[in-house]
């Protein structure tokens, strides 16, 4: 079922009164600036279109660490993961990297029944290996996400923009990148992101905004989604939306169910974050311990409390 939401200003004033003032403040601060920025910088490249088929899941392989070659999955490992996720009810998929065996995921996903939106990730825009694999997978994907949370850190605007244009020309498919959602509202990269993305593909995590209560967390997401969609006129799909189940106070498996229950009721296009817990994230100094526990499945592949709920939720879709 296609669930793209065309969001207009009407929605901004029809939400519950409890959150209307909060949203009005953000619109006042950012709305006009976003509209001017996107309108002034949009180019013909933004004519590339993307659509979203719900439900979707953000996928990093089970028990795989990018820092440990001993954990590199086999083809059978990927097939096992994809079958698990498809059997849960997911139709769409977003990946993060295209090196090695990860570069075969789109084709395998199609073979395992993923008939919805498939976005292939390229982690390193300068990697010739990822580039070759990504182009080879073009028949199986709907678009590309070049880079993730690396703008101004792992790569420059100039490099990323050049590679995004090259990928569009090489495949004829829409191309975007991903940064935290507030980066599309303010900051040094805002104008560049709005001008160079074929669709807006932000990461929306209320945990980092100190919003532990499910309703308030979802309101935080809705406010930002609505304003981006209404004030840019661009397609907005949330690349990541989720909460952890451990590693911090107020977060548990039941609270994860409550969060996604509230988020589903908002009818936004989003990818569930994420498929499996990733212990390696908690073992690296770069990450907080909590980052290891955002999966809907544990790191051993067993389901969390949300999985039966998801199967019931998706049964009629």
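The values are calculated or read from the model by the stated rules, or taken from the named source; none is laboratory data. Quantities reported herein were computed from a predicted structural model and do not represent experimental measurements. Please note: Cβ atoms are built from the backbone with ideal geometry, for glycine as well, and neighbour counts cover all protein chains shown.
Looking at 146, 194, can you tell me which residue is touching a helix residue (DSSP H, G or I) at 6+ places or on another chain (Cβ under 7 Å), closer than 20 Å to residue 102 by Cα, modelled with pLDDT of 95 or more and surrounded by 22 or more Cβ atoms within 10 Å (Cβ to Cβ)?
The conditions single out 146.
Answer yes or no as to whether residue 170 is closer than 27 Å to residue 73 by Cα and either surrounded by fewer than 16 Cβ atoms within 10 Å (Cβ to Cβ) or modelled with pLDDT of 95 or more (or both).
no
Modelled with pLDDT of 95 or more and touching a strand residue (DSSP E or B) at 6+ places or on another chain (Cβ under 7 Å): which single residue out of 160, 151 fits that description?
160
Return the residues of segment 93-122 that are surrounded by fewer than 24 Cβ atoms within 10 Å (Cβ to Cβ), under 17 Å from the mean Cα position of the chain (by Cα) and either more than 17 Å from residue 178 (Cα to Cα) or touching a residue at least 40 places away in the same chain (Cβ under 8 Å) (or both); say none if nothing qualifies.
Answer for segment 93-122, where residues must be surrounded by fewer than 24 Cβ atoms within 10 Å (Cβ to Cβ), under 17 Å from the mean Cα position of the chain (by Cα) and either more than 17 Å from residue 178 (Cα to Cα) or touching a residue at least 40 places away in the same chain (Cβ under 8 Å) (or both): 96, 116, 117.
Using the structure shown, decide if residue 239 is modelled with pLDDT under 95 and under 30 Å from residue 196 (Cα atoms).
Spelling it out, it is not the case that residue 239 is modelled with pLDDT under 95 and under 30 Å from residue 196 (Cα atoms).
Within the group 64, 38, 90, which residue is crowded, with 18+ Cβ neighbours inside 10 Å, at pLDDT below 95 and closer than 25 Å to residue 272 by Cβ?
64
Among the residues of segment 280-297, which ones are surrounded by fewer than 16 Cβ atoms within 10 Å (Cβ to Cβ) and not in a loop (DSSP other than H, G, I, E, B)?
289
Taking residue 300 as meeting all but one of (1) within 24 Å of residue 80 (Cα to Cα); (2) in a loop (DSSP other than H, G, I, E, B); (3) within 19 Å of the chain's Cα centre (by Cα), write down the number of the exception.
(3)
Which of the numbered conditions does residue 133 fail, given that it passes all the others? Conditions: (1) buried (at least 19 other Cβ atoms within 10 Å of the Cβ); (2) on the phi > 0 side of the Ramachandran plot.
All conditions pass for residue 133, except number (2).
So residue 268 fits all but one of (1) under 18 Å from residue 203 (Cβ atoms); (2) outside any loop (DSSP other than H, G, I, E, B); (3) in contact (Cβ under 8 Å) with a residue 60 or more places away in the chain; what number is the exception?
The failed condition is (2).
So if I check each of 206, 254, which one is surrounded by fewer than 24 Cβ atoms within 10 Å (Cβ to Cβ), within 23 Å of residue 298 (Cβ to Cβ), modelled with pLDDT of 95 or more and touching a helix residue (DSSP H, G or I) at 6+ places or on another chain (Cβ under 7 Å)?
206
How many residues does segment 232-243 hold that are out of contact with any strand residue (DSSP E or B) (no Cβ under 8 Å at 6 or more places or on another chain) and either buried (at least 24 other Cβ atoms within 10 Å of the Cβ) or within 15 Å of residue 271 (Cβ to Cβ) (or both)?
1
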